[in-house]
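First comes the structure, then the notes that go with it.
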Amino acid sequence: MTILLYDLVGRDATRPFSPHCWKATMALAHKGVDISTVPTRFLEVPTVEGGASKLVPVIRDGEKVVADSFAIALYLDEAYPERPTLFSGDGGKAMARFIERWSQLTIHPYVTTAAIMDLHAMQDEPNAAYFRQSREQRFGKRLEEVMAARDLGLGAFRASLEPLRSMLTYQPFIGGQSPLFADYIVFGALQWARIASPYRLLDDSDVVAQWFERCLDLHGGLGRKVAAAAA
């Protein structure tokens, strides 16, 4: 049976950009299940599966509807135990929870700063208006003011990745010799930046950038099928 994935897009339905949807996309590919994506814009999210969630990703697997990327990964491991594991046991689940919080508190804020105007430009007119209003309310300032801090913050952002950088000198993936869901969590955040904005977050020589390139190659180069944002 094919699993439906509701995937966040902007004006161009072929360029899904959400970090959370990319987590789910990579998890589904890791499991090797058949999927069909439903391109979904911000203003369409409340209609997904009769209002199942305020956010995407959402999947439908037969009669089962699951929202939230982490919940989706847990569901996939439980529903398809014969396929490659996303967590490799309870320890892997606990590790992934830590990585998720670290990513959302360390990587996501800076990507938002760096790419916010590019993300706005990706939307059609109604969704761009929604994006601007909701984000400016959240930050208490104009989008242009949010982005103005990106150059000043780049060095601190790169330094904040040192724990990941150091760990990747010992092993090729966060999950060890092969990726687990923890890898897809961080990959999703950097893929969000790659697709949304040409702004350069990492130097090519950075081991984190090299790990990201390995992740782009996973599952038949799935991550590369959406081109990086053009300068």
Completion exercise
In Å², rounded to a whole number, the accessible area per residue of the stretch 1-139 with probe 1.4 Å is 47
Problem - Contour excess over end-to-end distance, with Cα ends at Glu44 and Arg224 and 0.36 nm allotted per residue - result: 62.2 nm
Exercise for the section: Looking at the chain, send over the antiparallel percent of its DSSP beta bridges, to the nearest 5. Expected result: 55
Exercise for the section: Assuming a ≥ b ≥ c are the square roots of the Cα gyration tensor eigenvalues, decide whether the stretch 1-61 counts as rounded (a/c under 1.5), prolate (otherwise, with a/b larger than b/c) or oblate. Expected result: oblate
Practice task
Within the stretch 61-121, list the GluC sites (Glu not before Pro) lying in a DSSP loop whose Cβ has at most 16 other Cβ atoms in a 10 Å radius.
Solution key: Glu63, Glu82
Problem - Dipole of the stretch 3-79, positive end: most advanced residue of His30, Phe70, Thr14 [Cβ charges, Cα centre] - result: Thr14
Handout entry: Note, ³J(HN,Hα) from phi for the stretch 178-185, Karplus 6.51, -1.76, 1.60, rounded to Hz, x at Gly and Pro
Key = 9, x, 10, 4, 4, 5, 5, 4
Fill in the blank from the handout: Quick calc, the chain, dipole around Cα centre from Cβ unit charges on Lys, Arg (+) and Asp, Glu (-), nearest 20 debye, gives 320
Problem - Solvent-accessible area, 1.4 Å probe, carbon plus sulfur percent, for the stretch 3-79 - result: 52
Exercise for the section: Take the alpha carbon gyration tensor of the stretch 29-139, find the square roots of its eigenvalues, order them as a ≥ b ≥ c, and report rounded if a/c is under 1.5; if not, report prolate when a/b exceeds b/c, else oblate. Expected result: oblate
Problem - Residue list for the stretch 191-231, given a label point 7 angstrom along the Cα-to-Cβ vector of Asp12 and an amide N cut-off under 12 Å - result: 195-198, 226-231
Handout entry: Bridge type composition, the stretch 3-79 - antiparallel percent by DSSP, nearest 5
Key = 55
Handout entry: Proximal lysines relative to Lys93, as straight alpha-carbon distance under 17 Å, when same-chain residues fewer than 8 apart are discounted
Key = Lys23, Lys31
Practice task
Give me the distance in nm between label points sitting 7 Å out from Cα along the Cα-to-Cβ direction at Trp102 and Ala149, one decimal.
Solution key: 2.3
Practice task
Select from Ala159, Leu180, Phe139 the residue farthest towards the positive end of the dipole of the stretch 90-224; place +1 on Cβ of Lys and Arg, -1 on Cβ of Asp and Glu, and compute about the Cα centre.
Solution key: Phe139
Completion exercise
Rounded to 0.05, the calculated FRET efficiency for the beta carbons of Ala94 and Ser166 at R₀ = 25 Å is 0.75
Problem - DSSP loop trypsin sites (Lys or Arg not before Pro) with at most 14 other Cβ within 10 Å: longest gap in the chain - result: 55-140
Problem - Extension gain (nm, one decimal) between Ala29 and Arg142, 0.36 nm per residue minus Cα-Cα - result: 36.9 nm
Problem - Per DSSP, loop chymotrypsin sites (Phe, Trp or Tyr not before Pro) in the stretch 169-200 with at most 13 further Cβ within 10 Å - result: Tyr170
Problem - ³J(HN,Hα) computed for each position of the stretch 215-231 - Karplus, 6.51 cos²θ - 1.76 cosθ + 1.60, integer Hz, glycine/proline x - result: 5, 4, 7, 5, 6, x, x, 4, x, 7, 5, 9, 5, 5, 4, 7, 5
Practice task
Stick to the Cα atoms of the stretch 161-231, pair each with every other, and give me the Kirkwood hydrodynamic radius in Å at one decimal.
Solution key: 12.5
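The values are calculated or read from the model by the stated rules, or taken from the named source; none is laboratory data. Being a predicted model, the structure only gives us computed values, none of them experimental. In this analysis, Cβ positions are derived from the backbone assuming ideal geometry, glycine residues included, and neighbour counts consider all displayed protein chains. Keep in mind that these areas ignore ligands, DNA and RNA; they rest on the heavy atoms of the full protein, side chains included. Shrake-Rupley method; radii C 1.70, N 1.55, O 1.52, S 1.80 Å.
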